[in-house]
Amino acid sequence: MPPAPSAVSSFRVEVLVRPGFSDARGHAARAELELAGARGVDAVLSVRGFSLALQGGRAAAERLAAAVLADAVTDTWAVLGGGETLPLPAGFTQRIDVVKKAGVMDPAAEGVLRAVRAAGEEIVAARTYSAFLVAGEAEAEELRQAAARALGNEAIEEIRADGGGPVEPLARSAPARFARVVVELPESDERLLAISARGGLSLSLEEMQAIRSHFRVAARAPTDLELETIAQTWSEHCKHKTLTGAVEIDGRRYENLLHETIFAATRALDRPWCVSVFSDNAGVVAFDDDFHVTFKVETHNHPSAIEPYGGAGTGIGGVLRDTMGTGLGAKPIASTDVFCVGPPDLAPDQVPQGALPPLRVLKGVVAGVRDYGNRMGIPTANGAVLFDRRFTGNPLVFCGSVGLLPAGMVAKGARPDDLVVVAGGKTGRDGIHGATFSSRELHSASETLDSGAVQIGNAIAEKRLLDALLLARDRGLYTCVTDCGAGGLSSAVGEMAAACGADVDVEQVPLKYAGLSYAEIWISEAQERMVFAVPPEHEAALLELFASEDVEATVIGRFTATGRLVVRCGGAVVGDLDLDFLHHGVPRVARQAALPRARDDEPDLPCPESLGDALQRLLAAPNIASKAWIVRQYDHEVLAGTVVKPFAGREQQAPADAAVIKPRLDSYRGIAVGCGINPAYGDIDPYEMGLLAVDEAVRNVVAAGGRADRVALLDNFCAGSCERPEILGAVARLAEACRDAALALGAPFISGKDSLNNEYRDAAGSAAIPTTLLISSLAHVDDVRRAVTSDLKRVGSALLLLGVTRAELGGSAWYALHGRVGRSVPRVDLERARETFAAVCGLLNGRLALACHDVADGGLGVALAEMAFGTGLGAEVDLALVPCEDGAGGLLSVERDDRILFAESPTRFLLEVAPERLAAAREVLFGLPHAVIGRTSAEPRLALRGLRGALVLNEPVAALQRAFAAALDFGSPAAPPAAGGPR
Amino acid sequence: MKPRFLVLRAAGTNCDLETAFALESAGGHAERVHVNRLLQGATALDECDALVIPGGFSYGDDIAAGKVLAVELLHHLRDPIVRLVERGGLVLGICNGFQVLVKMGMLPGIAAPIGLQEATLTDNDSSRYEDRWVRLVSVSERSVFCRPGERLELPLAHAEGKYVPRDAAVRRAVLEGGHVALRYVAAGGGAPSYPDNPNGSVDHVAGLVDRTGRVLGLMPHPERALLRVHHPAWTCGAPAAPSEEGHGARFFRNAVQYLRG
């Protein structure tokens, strides 16, 4: 029985740190406000607010404040009734409130309810909010605007400077009145398209026409729910119709681009250890006798552009559910994240109207991945961050997940009469039209128009769902599972029912609040939900198990054998779709692609006067600089399996090439996880960029000890509008590069995803992102105790460079420092790459190398410096010994110190080899270009001799390391330790 | 007979599997039990030899780290937990478990009864979550989990790990009463500053022990340092141990040995 409303009263409890104790959040808020342009802020006190609707009146609120909501040691609090406000402490003149808008997920409220009830009080509803008390002379409007930039996000929160009125704990909404909506499809093409546009359906004219013909045969008009279901299922996001469509490029015609390139390579390679490719929510490869490993990377770009924190958090939440929905449910064991954002120091007037500043985006996505991933207890062990101005309006957020799936749990399938069970979070109006939203371009009004597509995740809800799912899986309580992602129930149920049929009643779906229409329930993308197919005989056991883990699970219908997707709302049928039409009725797209052109000429840069200064500048370039500030915020060690961590060496300063993970607590068998991405090369030649990305991804896992003959790859394409022939052309060339590299290296693709229409439109026009390809790699490691890290280990070792250096500076970090792209893009020799990777495996497996690092962005100089960081060692190198070749189409001569040092020629490794192992190592490398180019030294200094024999670079490692570490360090502890305890 | 460890699980607990594995590897029997099961009946607590509250984000650390679970345990399971300690059993709280024990008032546990919070674990001075390895020294004469004088390297990962005593009296009582179990130390000696003291803990406290020596809480994660290959510098020979074992294994072995008698 709900308590009688008359006994319920609302109070706010506001908690702040007691004088004499440090307020770390307040200190951080002050720093952020200053960064966001607020002047005259002398001090900030943070307030944690709780709005409660409870029985027991003010006395109960006081009891809860003291025993539950405030910390008994550090906090003080006030209980406030309606109209009462917290008195400002002396010297504090203003107050900013950050309050989630109605309907936005407030995950912390759940814990409040649980604690309040555990403490024996009766409570109806709770909401949390935060406030900041500000001391100083800050001007009110400037402060509010800075707060809107730094402390909250108006896409999901109200930023109030009115002194903080009451926050209503109860979301009140009226139940929806049922009205079946039928949409007549008109004859006029123009009006037909208008229906698509008005409904935000993102359906093309050809698609609308196909739908019109289909329903004409059935002699009826579709309901709104049917149209929505088709729109979700046919969306670019779900169907990838462009890249699985026909493409003509340079005289070649593909009927299905992806199938004839990437999939075809996987089929041709036909590796027995590929268990499931391109069919389930993730790719699956064999691991050991008991387990397979799953791998999937998703993008969550558009939500992250508008609300970086929520977008990245729900991005990681979504890809984890992909893992949980692979086979009968894999257990996530590691996450990866890759971000592409605008330059962190972009001037405010350079940020397009309506877009968030790049640093704000970066901090938001990092916090989102941190808070979601850490709470889920999955190590975030590998990733990358790339900066390019063209990502400012449309950043890219890639979230990846590796899972462990028991062998024998790969096959799944709903059977007629199985129950349709939705489990996890409740359904609200959040995330409606996410699938179609992500298939459109962003524009300056997206922040307001599309905020319904943005959500805040609830990691603990997903963690509970994961715990329950694994228990139910191991007891065999269901026959099929998939996640509720884009398209919500419409996609999840539609997909599971594809081979049979289903009959569901949306009225059974648990709701967050009343007022949702049947169509909204059906397409809501509320997070943390999965759909299970449960045989009737297991219904009771499954529901009981889920309840014991505090997971709500509800039967909403049944799978059938009718081949139709029937949706009811109570008694009324509101959808009855032919599943064959739904899944196969989308008209095929055919597009013309054009070969893209390089956008720059080769520059003629003079050799810098000081190579030492040049190297420091490169190490401080955002694309190269240390990402420790980010990496340390991620729990990369939970589950106790991370054996090679993001930073190696005695002082954990040398960046690792790949993460090495031991998925089983009771075994030393492992996997190496890495990635390759560099959109700059694509400005010259997308095909070469594709080869380079694969080369880098494979190089990274091989350098850490992964087996070159057991590398599985993922592709993630991100591009602007493929209606532009040159963008589609770039994507097509990338797909061809993926095919060629996979075949040559024997590394099959096992899954992939594309995200198109990454454009930002404002008054100045529409700007596409650079076409970007992320290649993620996963390699088998027979015994993680043979893994090798990049840090230098000993004095007097040989430094052996494997691979040939050419004057390949096009798209390099060195050119980027000069604002140039050039033409001399690095070229991959695939045959030699295959031999090189095999040789490195042989070296590492034979324990012939003490350290191994791949040579990538910034070239040899950067690789050498990174290997020395935090080791206390240095190196002496002679550039004249570097194996060089002319090449790069003869654009440049390689006979120059700076070119040897900064060229980004592919397939190169820098190895540290003990003198006593050198002969054996060289034997393994016989026939491949390599040379000993120097020695490690006891003095922590890099000393490089140039081609003419003179010392051309002589820098203390510490100075290089400072440049590397400082560039992207966005804050050390702000609070002075003086306020660190009781006086 | 293997000592029986109850590894407590709640929504958001995420280090329970590796903690149970560490206990089993040390010769114990570990059972992971959901707090919901204990709320229905605490027999499992009365039948075990030790309660382990592992790391994670119990209930999302909503309100404050460990707070919601602490309120739940205090209101519903205080008696069986007190009985466990009184009959010679052990209680170990790692990271989030430590936060729970401190917020329940079980640690530092200067004055009985539990329920009175004497200290807290609050926001790191850096005001953000950080994962890093730290150097520690074990200083407790009476903890059954660690030996005085031992130097250890362990990982930690938290946002709210800064130990703050309630007042000067508690601070003194903790120091003089031997309640400090583990302390952060600097690589080169001397007082550790950030990041050697990673969170700004008063008196560089990383772990606390109660009056009996049988209740321990610590911010670092020994279960993530069971093996040599867990150490970030294992490829260059650290930690200097000939075996395949890491420093974290000692805590679990000591507990099992103590319970075996």
Principal-axis tilt of helix A:224-233 within chain A, Cα atoms, nearest 10 degrees: 10
Against the longest alpha carbon principal axis of chain A, how many degrees, from 0 to 90 and to the nearest 10, is the axis of helix A:686-703 turned? 80
What's the average, rounded to a whole number, of partner chain beta-carbon atoms within 10 Å of each residue's beta-carbon in B:48-61? 4
What does the structure give for B:114-127 when I average, per residue, the other chain Cβ atoms found within 10 Å of the residue Cβ? 6
Does segment A:731-788 come out rounded, prolate or oblate, given a ≥ b ≥ c as the square roots of the eigenvalues of its C-alpha gyration tensor, rounded meaning a/c under 1.5 and, failing that, prolate meaning a/b above b/c? prolate
Mean per-residue count of partner chain Cβ within 10 Å for B:158-167 equals 4
Tilt relative to chain A, helix A:459-474 - C-alpha long axis, 0 to 90 degrees, to 10: 90
Segment A:5-160 - Rg (one decimal) and Dmax (whole number), Cα, Å: 15.9, 47
Restricted to Cα positions, what overall size does segment B:4-260 have along the principal axes? Three whole-Å values, descending. 50, 41, 33
For segment A:785-801, take each phi angle, set θ = phi - 60°, evaluate the Karplus expression 6.51 cos²θ - 1.76 cosθ + 1.60, and give the result in whole Hz per residue in order, putting x for glycine and proline. 6, 9, 5, 10, 10, 8, 6, 5, 10, 9, 7, x, 6, 7, 9, 10, 9
Of every Cα-Cα pair in chain A, the percentage lying beyond 48 Å is 27
What full-extension length gain, to one decimal in nm, is calculated for A:Ser610 and A:Arg198 as 0.36 nm per residue of separation minus the Cα-Cα distance? 142.3 nm
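Given the peptides A:502-511, A:728-737, A:249-258, arrange them by the average over their residues of other C-beta atoms within 10 Å, most packed first.
Per-residue mean Cβ counts within 10 Å order the peptides as A:728-737, A:502-511, A:249-258.
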Sort largest first and round to whole Å: the equivalent ellipsoid semi-axes of segment B:51-159, each the square root of five times a Cα gyration tensor eigenvalue. 23, 20, 12
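So for each of A:230-237, B:126-133 I average, over its residues, the number of other beta carbons within 10 Å; can you give me the resulting order with the highest mean first?
A:230-237, B:126-133
Could you rank the peptides B:165-175, A:333-343, A:20-30 by their average count of other C-beta atoms within 10 Å per residue, with the highest value first?
Per-residue Cβ counts within 10 Å, averaged per peptide and sorted highest first, yield A:333-343, A:20-30, B:165-175.
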Quick note, segment A:802-887: a/c under 1.5 would make it rounded; otherwise a/b > b/c is prolate and the rest oblate (a ≥ b ≥ c, C-alpha gyration tensor); here it is oblate
For a quick check, take a GNM of chain B with Cα springs below 10 Å and name the residue from B:Gly217, B:Gly237, B:Gly188 with the largest mean-square fluctuation. B:Gly188
For the pair A:Glu137 and A:Gln353, the simple spin-label estimate (label points 7 Å beyond Cα toward Cβ) gives in nm 3.4
Viscosity 1.002 mPa s, temperature 20 °C, Stokes-Einstein D of segment A:159-312 from Kirkwood C-alpha radius, µm²/s: 103
Once normalised by the length of segment B:4-260, the mean sequence separation of its alpha carbon contacts under 8 Å that are 6 or more apart gives a contact order in percent of 18
Let me check the size of segment A:491-610 from its C-alpha atoms; what are the radius of gyration and Dmax in Å? 24.4, 81
Cross-link table A:Lys331/A:Lys426; A:Lys101/B:Lys162; A:Lys241/A:Lys296; A:Lys512/A:Lys627, entries beyond 28 Å C-alpha to C-alpha: A:Lys101/B:Lys162; A:Lys512/A:Lys627
Note, A:Glu495: beta-carbon cut-off 13 Å, +1 each Lys/Arg, -1 each Asp/Glu, net -1
Counting each pair of different Cα atoms once, what's the Kirkwood radius of segment A:222-273 in Å, rounded to one decimal? 13.2
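Read-outs: derived from the displayed coordinates by stated rules, not from any lab. None of these values were measured; they are calculated from a predicted model. A quick note on method: Cβ atoms are made from the backbone with ideal geometry, for glycine too, and the neighbour counts reach across all protein chains shown.
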